[in-house]
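Everything below concerns the one structure shown next.
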Amino acid sequence: MLKVSLASPRGFCSGVRRAVGMVETCLKDYGAPIYVLHEIVHNRHVVADLETKGVVFVENLEDADIARPLIFSAHGVSEAVVQKAQSMGFKTLIDATCPLVEKVHRQIRKYAQEKLNIVVIGKAEHPEIIGTVGQIPDYKQVRVIKKIEDIASLPFDKNDPIGFVTQTTLSVSDTKELIGELQKEYPQFSSLKKDDICYATTNRQAAVRALAQECRMVVILGSKNSSNSKQLQTVALESGAKQAFLIDDKSEFPWESLQSEDSLGISAGASAPEYLVQDLLAELKKHYENIKVRDIIIAKENVTFKK
Ligand code: SF4
């Protein structure tokens, strides 16, 4: 018998639901084609599905038609990108930035107005961090770090106050540790504020942690460029799973690895649609006559954002 445990919550968060919904509404209102700057969310299936409906994903503003609507992705964009799009004369600009990322944008602008030294914790190359740092383009006293070892390279005076923001999809435990080290190193480090890891990231990591304590093998549905999905794979391995896989869909499922197991944990990143989980379950039921499925529920989510 195969025992399957499903992490709950899993899959789409409210920011992703809102962003995808905004693209679909825009398609209805304006017809195809419409343009989205960068992937609306980091999921291969979501992007491919929208492409079939007439959405064109572009990496540069110059590749979009200014006569058609242009949408900024859920990860947010810099001030410079917004200004450039406005000056190029795009008729319809729609901002699908997650409200929780916008909150981080407001915070970093406030720190800059207060002339604080600013530490941004996250991956410098991730679109969310590019958009966040891009809120204060001319501000010099800002640095991005992603691990404890990076603290040594900060050029700030130890006695000056420091403000910080974080990427919303980081590892909860690693970030806590990093903030603890910053506080030791910089006595004036702002301890009034907590990290900016969002509720959806926190809940999905907690659910995978619980899953990994019961299942030796864990599978995360999500794309390789999805930061929060990759984190779930790491959390699974750190929390007791002997093997954890990040797969886009059932076609990538590692059947050989399952042969020696009698239990399997499944979750999905915040940008992965639920049908991918259900498709995988249906496939598992084809392979196993006897299969028992249960949910491991660690939180109920009722967050919704206005479009
Ligand atoms: S993961 Fe969090 S910050 Fe990112 S889109 Fe979802 S709710 Fe917003």
With charges set only on the Cβ (+1 for Lys and Arg, -1 for Asp and Glu), what does the dipole of the chain come to about its Cα centre, in debye to the nearest 20?
-> 800 debye
Give, in nm to one decimal, the length gained when the segment between residue 305 and residue 260 is fully stretched (0.36 nm per residue of separation minus the Cα-Cα distance).
-> 11.9 nm
By Cβ neighbour count within 10 Å, fewest first, 193, 28, 250, 306 rank 306, 28, 193, 250
Measure up 3/286; 28/53; 230/306; 123/194; 250/285 against 21 Å on the Cα-Cα distance and list the ones that go over.
-> 230/306
For residue 146, the aspartates and glutamates lying under 20 Å Cα to Cα, once residues fewer than eight places off in the same chain are dropped, come out as 125, 128, 157, 174, 177, 181, 185, 195, 196, 238
Between residue 3 and residue 193, what length comes free when the chain is fully extended (0.36 nm per residue of separation minus the Cα-Cα distance, one decimal in nm)?
-> 64.3 nm
Relative contact order computed over region 14-98 (Cα-Cα under 8 Å; 6+ residues apart), in percent = 34 percent
Volume per residue, Å³, of the convex hull around the alpha-carbon atoms of the chain?
-> 139 Å³
Can you tell which of 47, 111, 227 lies farthest toward the positive end of the dipole of the chain, using +1 and -1 charges on the Cβ of basic and acidic side chains (Lys, Arg; Asp, Glu)?
-> 111
In deg cm²/dmol, rounded to the nearest 500, the helical mean residue ellipticity at 222 nm of the chain, built from -39500 (n - 2.57) for every DSSP H run of length 4 or more, is -12000 deg cm²/dmol
Taking Cα pairs under 8 Å and at least six residues apart, what relative contact order does the chain come out at, in percent?
-> 26 percent
Evaluate E = 1/(1 + (r/R0)^6) for residue 66 and residue 237, where r is the Cβ-Cβ distance and R0 equals 51 Å; express this FRET efficiency to the nearest 0.05.
-> 0.65
Net lengthening on full extension, residue 30/residue 48 (0.36 nm per residue, minus Cα-Cα) | 4.5 nm
Over region 100-185: Kirkwood hydrodynamic radius from C-alpha pairwise inverse distances, Å = 13.0 Å
Magnitude of the Cβ-charge dipole (Lys and Arg +1, Asp and Glu -1) of region 60-148 about the Cα centre, nearest 20 debye, reported as 440 debye
In nm, to one decimal, how far is the residue 291 label point from the residue 202 one, both placed 7 Å along Cα→Cβ?
-> 3.4 nm
Given a Förster distance of 30 angstrom, what is the FRET efficiency for residue 91 paired with residue 125, based on the Cβ-Cβ distance and rounded to 0.05?
-> 0.45
Region 100-185 - charge dipole about Cα centre, Lys and Arg +1 at Cβ, Asp and Glu -1, debye rounded to 20 | 240 debye
At q = 0.20, 0.21 1/Å the base-10 log of I(q)/I(0) from the Debye formula over the alpha-carbon atoms of region 43-90 is -0.75, -0.81
The long-range amide H neighbours of residue 36, using H built 1.01 Å from N in the peptide plane and a cut-off of under 5 Å, are 56, 57, 58, 71
Selected from 30, 20, 1, residue furthest toward positive end of dipole (region 1-45; charges at beta carbon) = 1
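Every number in this text was worked out from the coordinates using simple rules, so none of it is lab data. Only a predicted model underlies this, so the values are computations on that prediction, with no experimental measurement involved. Note that we place each Cβ from the backbone using ideal geometry, even for glycine, and neighbour counts take in every protein chain shown.
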